[in-house]
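The values are calculated or read from the model by the stated rules, or taken from the named source; none is laboratory data. None of these values were measured; they are calculated from a predicted model. Glycine also receives a Cβ, built like all others from the backbone with ideal geometry; neighbour counts cover every protein chain displayed. With ligands, DNA and RNA removed, areas are computed over all heavy atoms of the protein, side chains included. Shrake-Rupley method; radii C 1.70, N 1.55, O 1.52, S 1.80 Å.
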Protein chains: 2
Amino acid sequence: MARKTGSHSEITGPRIREAAVRLFARHGYAAVSMRQIAAAVGVQAGALYLYTPDKQTLLFDLMRAHMEDLLRAWQAEPMRRAPLHRLEDFCRFHIRYHLDRTDGTFISYMELRNLEPKNFEMIGALRRDYEAALETILRDGVAEGRFTLPDTKLSTMALIAMLTGVNTWFRESGRLSRERVEQIYWDMVRRSVGA
Amino acid sequence: MARKTGSHSEITGPRIREAAVRLFARHGYAAVSMRQIAAAVGVQAGALYLYTPDKQTLLFDLMRAHMEDLLRAWQAEPMRRAPLHRLEDFCRFHIRYHLDRTDGTFISYMELRNLEPKNFEMIGALRRDYEAALETILRDGVAEGRFTLPDTKLSTMALIAMLTGVNTWFRESGRLSRERVEQIYWDMVRRSVGA
DNA sequence: CTTTAAAATGAACGGGCGTTCAGATAAGGC
DNA sequence: GCCTTATCTGAACGCCCGTTCATTTTAAAG
């Protein structure tokens, strides 16, 4: 019995996760029923509870997985020395990673308010970890005299908002290629930090 | 009878609108019931239907009002000549306006997916009008050789995302004053367009 | 082929949903 | 005081919700 083996939160079936991510991103957590998710998987609603203790935990697990994957992926990137190079790598990584996971990204930004306080705090902490990665680059760049930024915390938020915004308009079939988008965004970011 | 006088969509009582904006922003459209809105106003659920034909129209009216007010407010701003001045005015206006209406802004960005197709298209058109205001400034600046931007459409989206992002972190009681935030964002924007 | 455990069903639970409407209440003009 | 008209109530409608659970189906292991 899956219900008795180990902790729930980690083992949600991949098919369920995929269906839930898709549906939550399209219609929103509150607007999607467990029955809809089950139908997308090809199963009855009751069967979902073999894999997750409840709907809230399902959402939380999806969001946590998204953030932890993001942090792991960034840490796995080779790290160069110069702040300017690191900033370029961060920009390109951020755009690429988020464009590859539009649904997960959407959920992570839109469904924060549907998390219970304890879960909200956990996701918030992961997000702050990611922001800290960028802020460290900015601070190093300022310390080395390469960047001109009066407030690295504010600039961190500004840059992340700008970069994540790509997800709202980019279409694979559109006028601009990913590589071109990456390049133009990086040019704007580089100039905005005064480098 | 309110129900028979004129078109519904325009006359939703101010108390209902305020309560709905607050609740939709806090919990999301799908998660808020008509009964909750009614309770916040101090009335029974049925009474709401004297002022709006249904929940969907209530959401749509709130979003349309937000976008139309935004466009009107920008058009009412005095318009300077030089693209650089106009860009500065736009940045400061955008930040100020959105910080003054955090709930309405939140809804306008988060609840698009809960609009029926026809309503979605209408709100989308208003948003494109607003984006066009910024893009015109950027194009003029490029034409005059003041800005260096390979793609003004992309830059429009990038800048609006960056500026609107202020709403996600700014707190009136925080470390930075509005004026200081405006100034720093404007510096980043100015540099990002190559001016 | 039998045993055993995992996976899924399908009905049921109490409860909240958006919306309607006949009837009560309140507010002014005469 | 009466009449008109706007406002609101409160119960009801059918429907869907998240979740539980006894029971059945599926699938390996021995």
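What is the interface area between chains A and B, defined as buried accessible area summed over both chains with a 1.4 Å probe, reported in Å² to the nearest 100?
Numbers: alone 11000 and 10990 Å², together 19060 Å².
Result for this pair: about 2900 Å² buried.
Pairing the Cα long axis of helix B:178-192 with the longest principal axis of chain B, what angle in degrees results, from 0 to 90 and rounded to the nearest 10?
In chain B, helix B:178-192 runs at an angle near 50 degrees to the longest axis.
When 1/r is averaged over all different Cα pairs and the result inverted, which Kirkwood radius in Å belongs to the protein assembly as shown?
Details: mean 1/r = 0.0438 Å⁻¹.
Mean inverse Cα-Cα distance, inverted, gives 22.8 Å.
Defining the label point at 7 Å along Cα→Cβ, can you sort the distances from A:ARG128 to the same site in each other copy, shortest first, in nm?
Result, one decimal in nm: 4.2.
Which entries of A:LYS118/B:LYS118; A:LYS153/B:LYS55; A:LYS153/B:LYS153; A:LYS55/B:LYS153 have Cα-Cα distances beyond 30 Å here?
Going by Cα-Cα distance, A:LYS118/B:LYS118; A:LYS153/B:LYS55; A:LYS55/B:LYS153 fall outside the 30 Å limit.
Accessible area of region A:55-192 with a 1.4 Å probe: how many percent of it is carbon plus sulfur?
Roughly 53 percent, rounded to a whole number.
Show that you can apply the helix-only estimate: for the protein assembly as shown, add -39,500 (n - 2.57) for every DSSP H stretch of four or more residues, divide by all residues, and state [θ] at 222 nm to the nearest 500.
On the way: 19 runs with 262 residues, N = 390.
Rounded to the nearest 500, it is -21500 deg cm²/dmol.
Determine the shielding of peptide B:103-110 by partner chains: average, over its residues, the number of Cβ atoms on other chains within 10 angstrom of each Cβ.
On the way: counts 0, 0, 0, 1, 0, 0, 3, 5.
The shielding value for this peptide is 1.
Using a 10 Å cut-off around each Cβ of peptide A:23-31, what is the average number of partner chain Cβ atoms that fall inside? Can you show the working numbers first?
Details: counts 0, 0, 1, 1, 3, 8, 3, 7, 6.
Per-residue shielding by partner chains comes out at 3.
Please state, as a whole number in µm²/s, the translational diffusion coefficient that the Stokes-Einstein equation yields for region A:94-147 at 37 °C and 0.692 mPa s, with Rh defined as the Kirkwood radius across alpha carbon pairs. Intermediate values should be presented prior to the final figure.
Details: Rh = 13.0 Å.
Result for D is 252 µm²/s.
Is region B:55-192 best put as rounded, prolate or oblate by its Cα gyration tensor, with a ≥ b ≥ c the root eigenvalues, rounded for a/c under 1.5, and otherwise prolate when a/b is larger than b/c, oblate when not? Spell out each step's value before the answer.
Details: a/c = 2.03, a/b = 1.34, b/c = 1.51.
Here region B:55-192 falls in the oblate category.
Within 10 Å of each Cβ in B:181-188, how many Cβ atoms from other chains are there, averaged over the peptide?
Details: counts 3, 0, 1, 6, 4, 0, 6, 13.
Counting other chains' Cβ atoms within 10 Å and averaging over B:181-188 gives 4.
Assign one of three labels to region A:1-136, namely rounded, prolate or oblate, based on the Cα gyration tensor with a ≥ b ≥ c the square roots of its eigenvalues; rounded applies when a/c is under 1.5, prolate when it is not and a/b is larger than b/c, and oblate otherwise. Write out the running numbers ahead of the final one.
Details: a/c = 2.27, a/b = 2.11, b/c = 1.08.
It is prolate, given that a/c is not under 1.5 and a/b is the larger ratio.
How charged is the neighbourhood of B:ALA73? Take every other residue with its Cβ under 14 Å from the Cβ of B:ALA73, and add Lys/Arg as +1 and Asp/Glu as -1. All intermediate terms of the calculation are to be shown ahead of the outcome.
Working: positive: B:ARG72, B:ARG92, B:ARG96, B:ARG101; negative: B:GLU68, B:ASP69, B:GLU77, B:ASP89, B:ASP100, B:ASP129.
After counting each charged neighbour, the total is -2.
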